[in-house]
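Let me begin by presenting the structure, written as structure tokens, before commenting on it.
The values are calculated or read from the model by the stated rules, or taken from the named source; none is laboratory data. Model, not experiment: these values are computed from the prediction. When we count neighbours, we look across all protein chains shown, and the Cβ atoms used for this are built from the backbone with ideal geometry, even at glycine. The protein model used for the area step is the full one, side chains on, heavy atoms only, and it has no ligands, DNA or RNA in it. Shrake-Rupley method; radii C 1.70, N 1.55, O 1.52, S 1.80 Å.
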Amino acid sequence: MANGPSLSPLQKLRASLLAGETSPRKLAEQALARVNQNAGRNVYLSLDKNWTLREADRALKKFGAGALPADDQPPLYGLPVSLKDCFDLQGFRTTAGTRFYAERNTVAQEDSAVGKRLRSQGAVIVGKTNLHPLAYGITGENPDFGDCLQPADAKLLTGGSTSGGAASVQEGSAVAAIGTDTGGSIRVPAALCGLAGYRASIGLAWDRKLWTGGVHLAQTFDTLGWIFQDLRDAPLLAEALFGLKVPAEPNPSETNVQVRVGAMAPEFLHDCDASVLSAFASCKELLAHSGAQWHSFEAAYWEDALSIYAPIQAHEAAAIHSPSIHAASIDARGHEGDFSHFPSPIGERLAWGASLTVDEIIRERSRHLEFRERVDAAFRSFDFLMIPCAPVSSA
């Protein structure tokens, strides 16, 4: 079979499926044999092995050989993927990583838009993965369901909030994982677990209406994407989830266009570990060797990012998870501004967000607009901006 050394992991699996050398059920059985290999056995919060095997059989019947020509088979046909447990999946309960929602929510009666999209593209969903509670954190620590540790190293956290997604790909129970990213929740766990991450632009996720049936954290910043093994698979995954058609790569002999990369100036990276700085320098050398131009760019104004982001995020999250919305489920102590039913310190952050005034949020949104305009201006000078995903190389 044509599985040469240049093929990526997903390309190899697709080639095997198309050649009839494996099947969706066989891949699902292999994935299910690898689930929950981390120390806490908590990569997945919802899992039904029989349901997954039925999904594999459904994919074969709907998309397999004889049902569709090989050229018409969807990008994810027969591939096992995991779904972050902040998206509804028919027949399962959505917890958003908290006991509160696990006890309050009923079983979903229909798929979220993301779940529908995955199944329409031939994917076999293995289960719903762990996350930092409410997707409101960057470490993968979860006092309700247990911290999500790396299957490859029980001493290390996965990072978050897409903690279980990263763990599912690392352990091999999924070839790719759906994640969300508000302030690093795909990029950080991908980096800390030695994987690839793709965070789509905010507008792309909204334009495709993919948030229907999903639990938001902060609508201003929330977006979607994938965690996976190999960057070469990003185009296929982007097509499958967002319908993006990646143009063919130009023939180097037919173009003299030189890619311009803006690398964050060292002054901004003062809190990065030496290993991160070394890797960043190596990336710049590789880019230069490949023919790209890179230049340091000064972005002192990026120091303001957290002071803009945090209050808007907290204010929007507080509105989404407000006690007044869930009053019937909270008991007598649930009152305006009381988020004590969520783990600490998330509850405290939500209470702070609820306390912010309209005038304070208006001011931060104005600062956010100015910040975005300055970043947009940077893209008039560079094709790409490059910065480390995290200041540490392990967690």
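Taking into account only those residues within the range 31-51 that are of a type outside the set (A, V, I, L, M) and in contact with a Pro (Cβ under 8 Å, 6 or more places away or on another chain), which is farthest from Asp147 (Cα to Cα)? So the residue we want is Gln37.
So which residues in the range 154-177 are touching a residue at least 24 places away in the same chain (Cβ under 8 Å) and either open to solvent by 30 Å² or more (accessible area, probe 1.4 Å) or hydrophobic (A, V, I, L, M, F, W, C) (or both), if there are any at all? Within the range 154-177, Ala154, Leu156, Leu157, Ala166, Ala167, Val169, Gln170, Ala174, Val175, Ala176, Ala177 qualify. Can you tell me which residues in the range 257-268 are at pLDDT 95 or above and part of a helix (DSSP H, G or I)? Matches in the range 257-268: none. Candidates in the range 338-393 are the residues that are open to solvent by 30 Å² or more (accessible area, probe 1.4 Å), in a helix (DSSP H, G or I) and among the acidic types (Asp, Glu); of these, the one that is farthest from Cys272 (Cα to Cα) is Asp359. A search for C-beta distances below 7 Å between a residue of the range 209-225 that is in contact (Cβ under 8 Å) with a residue 60 or more places away in the chain and any residue that is in a loop (DSSP other than H, G, I, E, B) and open to solvent by 40 Å² or more (accessible area, probe 1.4 Å), counting only pairs 6+ apart in sequence or on different chains, returns Gly213/Asp88; Phe221/Gly183.
Which members of the range 178-190 meet the condition of being crowded, with 24+ Cβ neighbours inside 10 Å and out of contact with any strand residue (DSSP E or B) (no Cβ under 7 Å at 6 or more places or on another chain)? Hits for the range 178-190 are Thr182, Val188.
Would it be correct to say that Trp294 is at pLDDT below 95, of a type outside the set (Ser, Thr, Tyr), surrounded by 14 or more Cβ atoms within 10 Å (Cβ to Cβ) and within 30 Å of Leu217 (Cα to Cα)?
no
Thr52 meets all of the listed conditions (1) closer than 25 Å to Arg93 by Cα; (2) free of Cβ contacts under 8 Å to residues at least 40 places away in the same chain but one, namely (2). From the list Ala67, Ala108, the lone residue that is more than 30 Å from Asp144 (Cα to Cα) and open to solvent by 10 Å² or more (accessible area, probe 1.4 Å) is Ala67.
Pairs meeting the criteria (first residue in the range 94-114 and outside any loop (DSSP other than H, G, I, E, B), second residue aromatic (Phe, Trp, Tyr), beta carbons under 8 Å, at least 6 apart or on different chains) are Arg99/Phe145; Phe100/Phe342; Val107/Phe92; Ala113/Trp211; Val114/Phe87. Checked against (1) within 28 Å of Ile312 (Cα to Cα); (2) open to solvent by 20 Å² or more (accessible area, probe 1.4 Å); (3) under 12 Å from the mean Cα position of the chain (by Cα), Leu195 meets all criteria but (1).
Note on the range 142-158: residues that are out of contact with any Cys (no Cβ under 8 Å at 6 or more places or on another chain) and either more than 16 Å from Ala191 (Cα to Cα) or in a strand (DSSP E or B) (or both) total 10.
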